[in-house]
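The values are calculated or read from the model by the stated rules, or taken from the named source; none is laboratory data. This structure is a prediction, so every number in the text was calculated from the model and none was measured. A quick note on method: Cβ atoms are made from the backbone with ideal geometry, for glycine too, and the neighbour counts reach across all protein chains shown.
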Amino acid sequence: MIKKTKLILIVFIFSISCEKNDINQGGNTEKGFEVEVSVVLSESCPIAQYMTLPLKNSYEEFSSESVVFTGYFPNLLSNQKTISDFAQKYSIPFDCVDDNNGEIVSLLGASVYSEVFVKLNGVLVYKGMIDDSYADLGQWSPADNNYLYDVLEQLIEGVGVEYFETEAVGCLI
């Protein structure tokens, strides 16, 4: 009788510990689920300045869903004060990092300011535009496609996302 009770208790504890961990309430219950959004910014690039609003909107929508945002500033003229001033002026709610040696940007393979990179569990799933409001330099129009938002939404909902990229438009790094 004692052995049977111990066995039932062990099975019960095991079954509790094996339940999936729903970390985001958005449908994706994969254990260890982590999404990283890296964006390359510059204090002096008008497109990067404009893109702070869609970035902020995506952050506000997805930051509670195990999505981590980081802005990188590879400009040699950037420093902690200019980056902090930029983050304050444009109400950037995520970490902004001085990358004036260009190490992170080089690892990402970035070519323009406001280029965004999305990784799922360390694997790149998207690279390119935040949205398509700038189809070309100096050619602004309301966005038809919100690439960053859409990719994050699919990842959070647990929809499979195959790697894709768009050609980011912005000031050259």
Extreme residue, modelled with the lowest pLDDT, among residues of the range 112-136 that are part of a strand (DSSP E or B), surrounded by fewer than 24 Cβ atoms within 10 Å (Cβ to Cβ) and not hydrophobic (A, V, I, L, M, F, W, C): 136
Of the criteria (1) within 17 Å of the chain's Cα centre (by Cα); (2) within 23 Å of residue 53 (Cβ to Cβ); (3) of a type in the set (Asp, Glu), which one residue 99 fails: (1)
Taking residue 157 and the conditions (1) under 21 Å from residue 171 (Cβ atoms); (2) touching a Gly at 6+ places or on another chain (Cβ under 7 Å), which numbered condition does it fall short on, given that it satisfies the others? (1)
Test residue 165 against the criterion of being touching a Lys or Arg at 6+ places or on another chain (Cβ under 6 Å), more than 17 Å from residue 70 (Cα to Cα), of a type in the set (D, E, K, R) and surrounded by fewer than 18 Cβ atoms within 10 Å (Cβ to Cβ), and give yes or no. yes
Determine if the range 71-78 includes at least one residue that is crowded, with 18+ Cβ neighbours inside 10 Å, aromatic (Phe, Trp, Tyr) and at negative phi. yes
For residue 82, which of the numbered conditions (1) of a type in the set (Ser, Thr, Tyr); (2) surrounded by fewer than 19 Cβ atoms within 10 Å (Cβ to Cβ); (3) more than 23 Å from residue 34 (Cα to Cα); (4) in contact with a Ser or Thr (Cβ under 8 Å, 6 or more places away or on another chain) fails to hold? (4)
Considering the range 47-105 alone, what residues qualify as being β-branched (Val, Ile, Thr), within 22 Å of residue 153 (Cα to Cα) and touching a residue at least 60 places away in the same chain (Cβ under 8 Å)? 67
Residue 60 is checked against (1) part of a helix (DSSP H, G or I); (2) within 20 Å of residue 173 (Cβ to Cβ); (3) among the charged types (D, E, K, R) and fails just one. What number does that condition carry? (2)
If you check 73, 69, which single one turns out to be farther than 28 Å from residue 160 by Cα and either touching a helix residue (DSSP H, G or I) at 6+ places or on another chain (Cβ under 9 Å) or modelled with pLDDT of 85 or more (or both)? 73
Name the residues in the range 25-60 that are surrounded by fewer than 20 Cβ atoms within 10 Å (Cβ to Cβ), on the phi < 0 side of the Ramachandran plot, under 17 Å from the mean Cα position of the chain (by Cα) and modelled with pLDDT under 95, would you? 26, 28, 34
Of the criteria (1) charged (D, E, K, R); (2) within 16 Å of residue 45 (Cα to Cα); (3) modelled with pLDDT of 95 or more, which one residue 150 fails: (2)
Going residue by residue through the range 139-158, is there one that turns out to be of a type in the set (Val, Ile, Thr) and in a strand (DSSP E or B)? no
Single residue of the range 137-162 satisfying the filter (among the aromatic types (Phe, Trp, Tyr) and in contact (Cβ under 8 Å) with a residue 40 or more places away in the chain) that is surrounded by the fewest Cβ atoms within 10 Å (Cβ to Cβ): 140
